[in-house]
Amino acid sequence: MSGDSEQPPLARRAFVAGAGAALLGAAGAGAPAAHAAAAAGVVEGDLPGFHPLLKEELRFPLAWGSSPVRDFRTWRRTARSKVEQHLFVERDSTPYDPSYDEGGRTGAGGYTRETVTLSLTRYERVRGALLTPHGTGPFPAVLLLHDHGSRFDIGKEKLVRPWNDDARLASAQAWADRCFGGRFVGDELARRGYVVLALDALGWGDRGPITYEQQQALASNLLNLGSSLAGLMAREDVRAARFLAGLDRVDRRRVAALGFSMGAFRAWQTAALSDDVAAAASVCWMTGLKEVMVPGNNILRGQSAFHMLHPGLARHLDFPDVASIAAPRPMLFFHGTQDTLFPAEGVRVAYEKLRAVWRARHAEERLHTKVWPELGHVFTVAQQDEVFAWLDSAVGAGAPA
């Protein structure tokens, strides 16, 4: 759900004719509203007419505060296990076996840039960008998770300035100008003293590029093969966090995850599923599920939604419930009021749920939520500077040892 607004307007369908109309008539004026809704077939936004009934059935019984489990550590293990069950991708302990491209190493700007290739799973080796500050480590580190944006020719390059590739540099600079105020977030973090790792998700950059229309088929094919597109991304991000934390140059106690849009979803999800992440910052991806599943919303297109869809998980946990598994670690969430991808009510509901959990853990000061009234779906320089300062206090030089 990240930047799909570039695509043509969502096709709108409303079938309440023929047999549907007959059913509505048969229901009678005194029939329950639920019966009438159920007869509407498919309504605007490709929702089934009975979608309000499905929403009513979503009670999120495993959420903290609703779950009968009252010990937080026990709840955390239980909730994480439930999420992992719905990933449809098993844990993977394949050796990373990293190889480093010395030819791509450069020391400009106060940090070293190099290419690293590693096995995130037993299925595929993935190439990433690794930035290391000059000086004596170990350093704090940031796992940078790229967005969706319906732009697949670049992935890690959206966040780390590519070197020795003029074609990707032009594309990456255009993306940085559009979403990040012209900055490459990863390079800025490296200049500030962080080791940075950025990798491509399946379908982007070196692992693609796919097209917008291919996403749904890719997700379907993985499900048919007993796997999951969203589950694979979740497992790979957790593995990436562990690899980064295990580097000799990194202080494993001070590893953060950071992302914008789909990358923001990935950041809080990784914090929920990994003990290697000490803090996470998520810009422009947090909402209540019920509030975002409304006619006209981008998530109803399918396509990009499959990267963030774990089938059946909504019967147990809402999005903020999953993010709450990371409590009471430091977490930051930003939202722009003008962001049409996330209704304000969904953000409000999610933030309230998050605050309730951190409050229950006596750690309200570790949760930072903010709404930017003048902004939309962007990660501006002003927002970045605030995130960088927050990271410094959470895992950087200013963080408690």
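The values are calculated or read from the model by the stated rules, or taken from the named source; none is laboratory data. On a predicted model such as this, the values are computed, not experimentally measured, just so you know. For neighbour counting, all protein chains shown are included, and Cβ atoms are generated from backbone atoms with ideal geometry for every residue, glycine included. Each accessible area value is taken on the protein alone, full model and side chains, heavy atoms only, with ligands, DNA and RNA left out. Shrake-Rupley method; radii C 1.70, N 1.55, O 1.52, S 1.80 Å.
The order of F139, F88 by accessible area, most exposed first and with a 1.4 Å probe, is F88, F139. Per-residue extension of 0.36 nm, minus the Cα-Cα distance of A170 and D92, leaves a gain of 24.5 nm for this segment. Cross-link pairs exceeding 28 Å between alpha carbons, from the set K82/K158; K156/K370; K55/K156; K55/K158; K158/K370; K158/K290: K82/K158; K55/K156; K55/K158; K158/K290. Contact order for the stretch 129-188, expressed relative to its length and based on alpha carbon pairs under 8 Å spaced 6+ residues apart, stands at 29 percent. Compactness ratio for the stretch 291-331: Cα radius of gyration over 2.2 N^0.38 Å (N = residue count) comes to 1.39. Averaged over its residues, the stretch 187-309 has an accessible area of 29 Å² per residue, based on protein heavy atoms and a 1.4 Å probe. From a point 7 Å beyond the Cα of D71 in the direction of its Cβ, which residues of the stretch 263-292 have a backbone N at a distance under 11 Å? The answer is none. A Cβ-based charge dipole, computed about the Cα centre of the stretch 142-247 with Lys and Arg at +1 and Asp and Glu at -1, lands at about 320 debye.
Normalising the average separation of contacting C-alpha pairs (under 8 angstrom, six or more residues apart) by the number of residues puts the relative contact order of the chain at 17 percent. Amide H to amide H, with H built 1.01 Å from N, T369 comes under 5 Å of F333, counting only residues 5 or more places away or on other chains.
Taking one quarter of the surface of the convex hull spanned by the alpha-carbon atoms of the stretch 234-368 gives a direction-averaged projected area of 8.3 nm². Rounded to whole numbers, the Karplus 3J(HN,Hα) couplings from phi for the stretch 89-97 are 10, 6, 4, 10, 10, 4, x, 5, 6 Hz, using 6.51 cos²θ - 1.76 cosθ + 1.60 with θ = phi - 60°, and x at Gly and Pro. With the whole protein complex present, R178 retains an accessible surface near 120 Å², based on a 1.4 Å probe.
What's the carbon and sulfur percent of the chain's accessible surface, probe 1.4 angstrom, rounded to a whole number? The value for the chain is 54 percent carbon and sulfur by accessible area.
In this structure the amide hydrogen of V250, modeled in the peptide plane, comes within under 5 Å of the amide hydrogens of F139, none closer than 5 places in sequence on its chain. Each principal axis of the stretch 43-154 carries a Cα extent, and these read 58, 43, 30 Å when sorted largest first. Mean residue ellipticity, 222 nm, helices only, the chain: the sum of -39500 (n - 2.57) across DSSP H runs of n ≥ 4, divided by residue count and rounded to 500, is -10000 deg cm²/dmol.
Across the chain, the volume of the C-alpha convex hull divided among the residues equals 147 Å³ per residue. Accessible area per residue (1.4 Å probe, heavy atoms of protein chains only) ranks S171, S66 as S66, S171, with the largest value leading. Taken along its three principal axes, the alpha carbon spread of the stretch 274-343 comes to 36, 30, 18 Å, from the longest extent down to the shortest.
In whole percents, the pair-distance distribution calculated for the stretch 153-294 from its alpha-carbon pairs, binned every 10 Å from zero, is 11, 36, 38, 14, 1. Exposure check, 1.4 Å probe, all protein chains in place: E84 carries approximately 30 Å² of accessible surface. How charged is the neighbourhood of G137? Take every other residue with its Cβ under 12 Å from the Cβ of G137, and add Lys/Arg as +1 and Asp/Glu as -1. So the surrounding residues net to +1. Spin-label model, L53/T117: points 7 Å from Cα along the beta carbon direction are separated by 5.4 nm. Return the FRET efficiency for the residue pair Q216, Q85: r is the Cβ-Cβ distance, R0 is 25 Å, and the value is rounded to the nearest 0.05. Computed FRET efficiency for Q216 and Q85 comes out at 0.60. Separation of the stretch 87-161 and the stretch 340-363, taken as the distance between their Cα centroids, equals 31 angstrom. Applying 1/(1 + (r/R0)^6) with r as the Cβ-Cβ distance of V42 and D153 and R0 = 45 angstrom yields a FRET efficiency of 0.85. Applying 1/(1 + (r/R0)^6) with r as the Cβ-Cβ distance of D392 and A356 and R0 = 22 angstrom yields a FRET efficiency of 0.20.
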